[in-house]
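Right, one structure below, let's go through it.
The numbers here are math on the coordinates, done by the rules we state, and not lab data. No experiment lies behind these values; they were computed from the predicted model shown. A quick note on method: Cβ atoms are made from the backbone with ideal geometry, for glycine too, and the neighbour counts reach across all protein chains shown.
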Amino acid sequence: MIFENFFGDVKIMFPQAEGEYEYLKGNWEEVDGIYRIYNKSFKMYDKFQTYIVSTLNVLFTLTDIDQEKLETKIKNYKPSIEPKLSVLDLDKCFTRTVLDALDIPFCPEPQAWYEHQKKLTSAAYHCRVGLESIMAVAENYYKNDYLPGENGSLTEYEILAIFLLNFSNYKALVNKKEVKIKELN
């Protein structure tokens, strides 16, 4: 994503995205989701996939990507999400983690169950922490006109948001100095 476009969208869309984000935070139900894993409940799939889709919906609102919300009660999310994720051009590892988790069908077989819950919980955690970082950066910009790195350094939230949003060449002028994000290998 081009960072100028992201911050332009934030100025317009942040209030709506903030409301959705606050609602999502209050309805995560993480204990119930984890309980479903150990109970071997098919609802594990629904709990985690719904949360992943809901998280992405907040990100789509923030970036003004197709305001039609993704339905959270469908069998296969991947075809409706893939085009939206490609427009955002997010980090490839994040995108793959999310799409792999949304492509998992219900399977009660023990080994598949174990592998599925690892993918689902991992993707949900990536979405949760990623959205938290992106919303922190967006809030700082919306409320304080603060761009990442303006104080001469970057917080962990800023670094994560920059990588997830694929701002690999992000530069901010700080006291006539450039702050650059180093590529992690």
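Worth a mention:
- Residues (more than 16 Å from residue 12 (Cβ to Cβ) and surrounded by fewer than 18 Cβ atoms within 10 Å (Cβ to Cβ)) located in the stretch 122-146: 122, 125, 128, 129, 132, 136, 144, 146
- Within the stretch 115-140, residues that are more than 18 Å from residue 167 (Cα to Cα) have Cβ atoms under 8 Å from residues that are surrounded by fewer than 17 Cβ atoms within 10 Å (Cβ to Cβ) in these pairs: 116/107; 119/100; 121/34; 123/100; 128/28, counting only partners at least 6 apart in sequence or on another chain.
- In the stretch 112-148, the residue that is nearest to residue 28 (Cα to Cα) out of those that are among the small types (Gly, Ala, Ser) and in contact with a Phe, Trp or Tyr (Cβ under 8 Å, 6 or more places away or on another chain) is 124.
For every residue, the table says whether it meets (1) touching a Ser or Thr at 6+ places or on another chain (Cβ under 8 Å); (2) under 15 Å from residue 52 (Cβ atoms).
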position	(1), (2)
111	no, no
118	no, yes
121	no, yes
127	yes, yes
137	no, no
141	no, no
160	yes, no
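- Selection within the stretch 81-130 - hydroxyl-bearing (Ser, Thr, Tyr) and under 25 Å from residue 21 (Cα atoms): 86, 95, 97, 121, 122, 125
- Flag if residue 37 is surrounded by 13 or more Cβ atoms within 10 Å (Cβ to Cβ) and among the aliphatic types (A, V, I, L, M): yes
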